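Asker: Okay, handing you the structure first.
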Amino acid sequence: MVQRDDLIAYLADFLKVEEIDDVCPNGLQVEGKREVRKAVVSVSASEELFQRARVTKADMVIVHHGIIWKGGSGVVKGSYRKRIWALLEPNISLLAYHLPLDRHESIGNNALAAHGLGLHEVRPFGKYHGKIIGFAGMLPDGGMGGPQFFKKVEDFYGNKSLVFSFGPERIERVGIISGGAQEDIHEAVSEKMHAFITGEVSEYVMQLAKEEHIHFIAAGHYATERLGIKALGAHLSENFDIEVEYIDVPVPV
């Protein structure tokens, strides 16, 4: 068992939440029980997730995408009310960590992807509000052919990618920013990346990738952001005397 507020304080320090300006509050979003014996981790908040967490007798839910975002109306009605009630009625706390979980150097979505895809000379890459949140690196042994690398990406994330294959025949320099970072293709181009991996794609990206001769890989927003929250759950299980369970609620985007 661990005290809720002690766990929140630990995560604020471990994930360095004060270092970046985000589009949501990182940390506590809904207050529940003071004592935590079991936590559920997952990618995105939803009523389904909260109901499944309740069945497991969880005291806390920790997600990458929470339920409070800057610019939201704040009116508690409809699906928003259902989500909040699914937490308040069983007294479950909700914690969310967005960009801090993308950019973390050891358990972040992008660092884990860079090392998982076998990149060498891994370095920070990709700015958001002046802070770097992605990673880039080199494929070893002179690189890899496009089709071979695209399959490697799909196998790693366990998801079908949308690929605009307009880069060089052999890929060496790769940049990675998980989620909805399609606009960062401009930074990938400026840093002469051969391939850029993110989660989603916008309409304009295909022609830009073609004109700039870069491979653009949209591997799935959800798929590219499972890594960090699962690693965070494992980290908490190893460092605190609590049970931690990952619940998968897939989204095909």
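No lab work stands behind these numbers, since they all come straight from the coordinates. Remember, predicted model here, so these are calculated numbers, not experimental data. FYI the Cβ positions are ideal-geometry reconstructions off the backbone, even for glycines, and counts take in every protein chain you see.
Asker: Using Cα positions and a limit of under 21 Å, work out the lysines in reach of Lys57, with same-chain residues fewer than 8 apart set aside.
Answerer: Output for Lys57: Lys33, Lys38, Lys82, Lys230.
Asker: Quick one: among Phe240, Phe50, Phe150, which has the greatest mean-square fluctuation in a GNM of the chain with alpha-carbon springs under 10 angstrom?
Answerer: Ranking Phe240, Phe50, Phe150 by mean-square fluctuation puts Phe240 first.
Asker: Calculate, in whole percent, how much of the Cα-Cα pair population of the stretch 93-139 lies beyond 13 Å.
Answerer: The proportion of pairs with Cα distances above 13 Å equals 53 percent.
Asker: Between the DSSP loop rule and a limit of at most 14 other Cβ atoms within 10 Å, which trypsin sites (Lys or Arg not before Pro) in the stretch 54-139 are left?
Answerer: Filter output for the stretch 54-139: Lys57, Lys70, Lys77.
Asker: Where nothing but the Cβ of Lys and Arg (+1) and of Asp and Glu (-1) is charged, how large is the charge dipole of the chain around its Cα centre, in debye to the nearest 20? Numbers along the way, then the final one.
Answerer: Numbers: 27 positive and 35 negative charges, 132 e Å.
Here the size comes out at about 640 debye.
Asker: So, counting K/R as plus one and D/E as minus one, what does the shell of residues with Cβ under 9 Å around Glu35 add up to?
Answerer: Around Glu35, the surrounding residues sum to +3.
Asker: Between His186 and Ala234, take the C-beta separation as r, use R0 = 45 Å, and let me know the FRET efficiency to the nearest 0.05.
Answerer: Calculated value: 0.85.
Asker: Further question: Just Met206, Met193, Met60 to compare: in a GNM of the chain, with alpha carbon springs under 10 Å, which one fluctuates most?
Answerer: Fluctuation is largest for Met206.
Asker: How large are Rg and Dmax for the stretch 93-248 when only the alpha carbon atoms are used, in Å?
Answerer: 15.5, 53
Asker: Further, regarding this structure: Give the cross-link partners of Lys192 among the aspartates and glutamates, using a straight C-alpha distance below 14 Å as the criterion and excluding same-chain residues fewer than 8 apart.
Answerer: Once the sequence-local aspartates and glutamates are set aside, what remains near Lys192 is Glu172, Asp184, Glu211, Glu212.
Asker: Right, here's the next one. If a/c stays under 1.5 just call it rounded; otherwise compare a/b with b/c (prolate if a/b is bigger, oblate if not). Do that for the stretch 1-154, with a ≥ b ≥ c from the square roots of the Cα gyration tensor eigenvalues. Could the numbers behind the result be given before it?
Answerer: On the way: a/c = 2.08, a/b = 1.99, b/c = 1.04.
It is prolate, given that a/c is not under 1.5 and a/b is the larger ratio.
Asker: Follow-up question, since we're still on this one. If you place +1 on the Cβ of every Lys and Arg and -1 on the Cβ of every Asp and Glu, how big does the dipole about the Cα centre of the stretch 120-253 come out, in debye to the nearest 20?
Answerer: 320 debye
Asker: Quick one: Cα centre-to-centre distance for the stretch 160-191 and the stretch 70-94, in angstrom?
Answerer: 36 Å
Asker: If you don't mind, another one. If you count the DSSP beta bridges with both ends in the stretch 103-224, what percent of them are antiparallel, to the nearest 5?
Answerer: So the antiparallel bridges amount to about 70 percent of the total.
Asker: Also: Taking the Cα centre of the chain as the origin and placing charges on Cβ (Lys, Arg +1; Asp, Glu -1), which of Gln3, Tyr80, Tyr97 is farthest toward the positive end of the dipole?
Answerer: So the residue we want is Tyr80.
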